Amino acid sequence: MNKRQANKMALPVGAGMDMAAAAVWSTIAVLLTTAMMVVQIMVKRNDGVAAAKPSLPPVVSITSLIIPVITRGPRAVVDELYRKLGSVFTISFLGMKKMTFLIGPEVLRDFYTRPDTEVHHDAVYQMTVPIFGKGVMYDVDINTRAEQIAFCVEALRPTKLRSNAVTMVRETQVRETMFNDCVRTFHELMDNSMHVISACFPNLPTPRHRRRNMASARLKKLFARAIELRRASGRAEDDVLQRFLESKYRDGRPMSDNEITGMLIALVVGGQHTSYSSLTWTGAFLLTSPKHMPAVVDEQKRLIARHGAEHIDYAVLTEMETLHYCIKETLRMHPPVPMVFRTVRKGFALRTKEGKEYEVPAGHSITCYTGFNHRLSHVYRDPDEYDPERFGPERKEDKAAGKFSFTAFGGGRHACAGEAYGYLQMKAIWSHLLRNFDLELVSPFPEAELNSMTPGPKGKVMVAYKRRKLTAST
């Protein structure tokens, strides 16, 4: 190799170091550029996620609704909000409490199916503690309450109602022999319990609440006496009281007398009171319907021809399909509990039938306005018309928009355990009336109460009656 070639190949030491440094800095620059690009991509991606998160429902202040509710009623106000804001909206109570309304079966799945750890009604139903007493239902923890509800479900299971059906008929026929004190006390309890002030401030020392507390204590004494007499008799009857006496918690502990009396009051309040209201509404609708009253009478004639005039048991009651639909239509138009509440413990997102997505955050109360949902025109045809045939096999309107289209007895995790019992009881009473009396409504068709949590017909519903025996031919 000559000198000239060597000079071309050899590089100065300083020049080699400069090139190495340049390479390092170039590598660092590439890495920094890449990192910045990754950061920008992540920021954009996070921005996209944030943008995709559902918004909160539209909010309206309660202060703007007070006068309209008083002058036009809650249903008219909710209808206006529904038309303006859609099927999910929130009413703010001066920022201290937010109540989100869920309108329509399409948005009720979360309301009825989420577990108590996510959506609960403990705080909402504290108003029942002075009614039922301490140690039962909403005065105990979730696990204990679940066991108590299981006792009720077992006691009211349809297979056990077969033995209760004859008792229902017999009680209907000899109702005048019922304990007058028990009936009077029960009505006093309900008259002083189911009001808006009781729902908001159940322990406020008002004269009404003092009467409520006295009636509850008196009713517990009457039921305690029944327990005492049952034990003294040595008999094991086939009824709800006996099933409670024989029930035991998972740890082997039997129900205490205080728990039994409290659960009996809960069952009476949950079933008997709402049945009174529904029976009266059913009568008002039937006695003013030239189509459906003859239909239920004709059904009774067919059953008399098939089974005899005096034979009514569980099987016969379940055959009363026409009467069943008439009662169900009454419950659609006037559900015993028209508005049901829950409190959100864990927020959730939902999609409305309009395609909008909303986030319902923890801390909100959520409301199922059954009395409004049952009159939605996209669910029920001519919703303000009394039309029992809408439940028949040809139409099935209560199923068309989903399983939460009809929620007079709740649904999902919180379906009423007494639904079958309630229908049987009302059919037993109305079949007895239809078979033994000519009836005529002589007062105007009643309006609904507005200031009650379980609104029944307002004022007196007067009926003229004439005793007669229905036969298969007359």
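Once region 198-209 is narrowed to residues that are over 21 Å from CYS182 (Cα atoms) and surrounded by 15 or more Cβ atoms within 10 Å (Cβ to Cβ), the residue that is nearest to the chain's Cα centre (by Cα) is ALA199.
Can you tell me which residue among ARG109, ARG83 is basic (Lys, Arg) and over 18 Å from THR343 (Cα atoms)? Write out each step before concluding.
On the way: ARG109 fails: over 18 Å from THR343 (Cα atoms).
Every option except ARG83 fails the conditions.
Entry remark, region 133-161: residues being in contact with a Gly (Cβ under 7 Å, 6 or more places away or on another chain) and either modelled with pLDDT under 90 or among the polar types (S, T, N, Q) (or both) number 1 in total. Go through region 434-474 and report how many residues are in contact (Cβ under 8 Å) with a residue 12 or more places away in the chain, more than 13 Å from SER277 (Cα to Cα) and of a type outside the set (Gly, Ala, Ser). Residues meeting the conditions: 21.
With respect to the conditions (1) modelled with pLDDT under 55; (2) at positive phi, GLY73 lacks only one, and its number is (1). The residue list ARG218, ARG212 contains one member that is under 16 Å from THR454 (Cβ atoms), over 21 Å from the mean Cα position of the chain (by Cα), part of a helix (DSSP H, G or I) and among the charged types (D, E, K, R), which is ARG212. If you check ARG351, ARG342, ARG413 for being in contact with a Cys (Cβ under 9 Å, 6 or more places away or on another chain), at pLDDT below 95 and not hydrophobic (A, V, I, L, M, F, W, C), only one passes: ARG342.
One residue stands out among those in region 106-120 that are farther than 12 Å from ARG413 by Cα and among the β-branched types (Val, Ile, Thr): the one that is surrounded by the most Cβ atoms within 10 Å (Cβ to Cβ), which is VAL107. Residue check: HIS273 meets all listed conditions (1) at pLDDT below 95; (2) in contact with a strand residue (DSSP E or B) (Cβ under 8 Å, 6 or more places away or on another chain) but one, namely (2).
Scan region 257-292 for residues that are over 18 Å from the mean Cα position of the chain (by Cα) and among the hydroxyl-bearing types (Ser, Thr, Tyr) and the total you get is 6. With respect to (1) closer than 30 Å to ASN258 by Cα; (2) at pLDDT below 85, the lone exception for ALA35 is condition (1). Annotation for region 258-275: no member residue is in a loop (DSSP other than H, G, I, E, B) and surrounded by fewer than 16 Cβ atoms within 10 Å (Cβ to Cβ).
Residues of region 77-84 include at least one that is acidic (Asp, Glu) and either exposed (fewer than 15 other Cβ atoms within 10 Å of the Cβ) or assigned to a loop (DSSP other than H, G, I, E, B) (or both). The set of residues in region 179-197 that are among the hydroxyl-bearing types (Ser, Thr, Tyr) and either outside any helix (DSSP H, G or I) or farther than 23 Å from GLU259 by Cβ (or both) contains only SER193.
Of the residues in region 242-257, none is of a type outside the set (Asp, Glu), within 21 Å of LEU189 (Cα to Cα), surrounded by fewer than 21 Cβ atoms within 10 Å (Cβ to Cβ) and in contact (Cβ under 8 Å) with a residue 12 or more places away in the chain.
Can you find a residue that is under 19 Å from GLY422 (Cβ atoms), of a type in the set (S, T, N, Q) and either surrounded by 15 or more Cβ atoms within 10 Å (Cβ to Cβ) or at pLDDT 95 or above (or both) anywhere in region 283-298? Talk me through it step by step, then tell me what you get.
Looking only at region 283-298, we keep the residues that are under 19 Å from GLY422 (Cβ atoms), and these are 283-286, 296.
Next, only the ones that are of a type in the set (S, T, N, Q) stay: none.
No.
Note on region 246-263: residues that are under 12 Å from ALA150 (Cβ atoms) and either small (Gly, Ala, Ser) or in contact with a helix residue (DSSP H, G or I) (Cβ under 7 Å, 6 or more places away or on another chain) (or both) total 5. The residues of region 98-138 that are out of contact with any Ser or Thr (no Cβ under 8 Å at 6 or more places or on another chain), outside any helix (DSSP H, G or I) and charged (D, E, K, R), listed by number, are ARG114, ASP116, GLU118, LYS134.
Based on what the data block shows, is GLY95 assigned to a loop (DSSP other than H, G, I, E, B), small (Gly, Ala, Ser) and in contact (Cβ under 8 Å) with a residue 40 or more places away in the chain? Please lay out each step first, then the result.
Values: assigned to a loop (DSSP other than H, G, I, E, B): yes; small (Gly, Ala, Ser): yes; in contact (Cβ under 8 Å) with a residue 40 or more places away in the chain: no.
In short, no.
Region 293-395 holds helices (runs of 4 or more DSSP H) entirely within its bounds, and those carrying 3 or more residues that are over 21 Å from the mean Cα position of the chain (by Cα) map to 314-318, 321-333. Among the residues of region 85-99, those identified as buried (at least 20 other Cβ atoms within 10 Å of the Cβ) and closer than 23 Å to LYS403 by Cα are SER87, VAL88, PHE89. For region 377-419, name all the residues that are surrounded by fewer than 18 Cβ atoms within 10 Å (Cβ to Cβ) and aliphatic (A, V, I, L, M). Those that are surrounded by fewer than 18 Cβ atoms within 10 Å (Cβ to Cβ) and aliphatic (A, V, I, L, M): ALA400, ALA415. Is it the case that region 129-144 has a residue that's in contact with a helix residue (DSSP H, G or I) (Cβ under 8 Å, 6 or more places away or on another chain), more than 30 Å from GLU259 (Cα to Cα) and in contact (Cβ under 8 Å) with a residue 12 or more places away in the chain? Among the residues of region 129-144, not one is in contact with a helix residue (DSSP H, G or I) (Cβ under 8 Å, 6 or more places away or on another chain), more than 30 Å from GLU259 (Cα to Cα) and in contact (Cβ under 8 Å) with a residue 12 or more places away in the chain, which makes the answer no. Restricting region 420-453 to residues that are surrounded by fewer than 20 Cβ atoms within 10 Å (Cβ to Cβ) and of a type in the set (S, T, N, Q), the residue that is nearest to LYS301 (Cα to Cα) is ASN436.
The values are calculated or read from the model by the stated rules, or taken from the named source; none is laboratory data. Since the model is a prediction, treat every value here as computed from it, not as a measurement. As a convention, Cβ positions derive from the backbone with ideal geometry for all residues, glycine included, and neighbour counts pool all protein chains shown.
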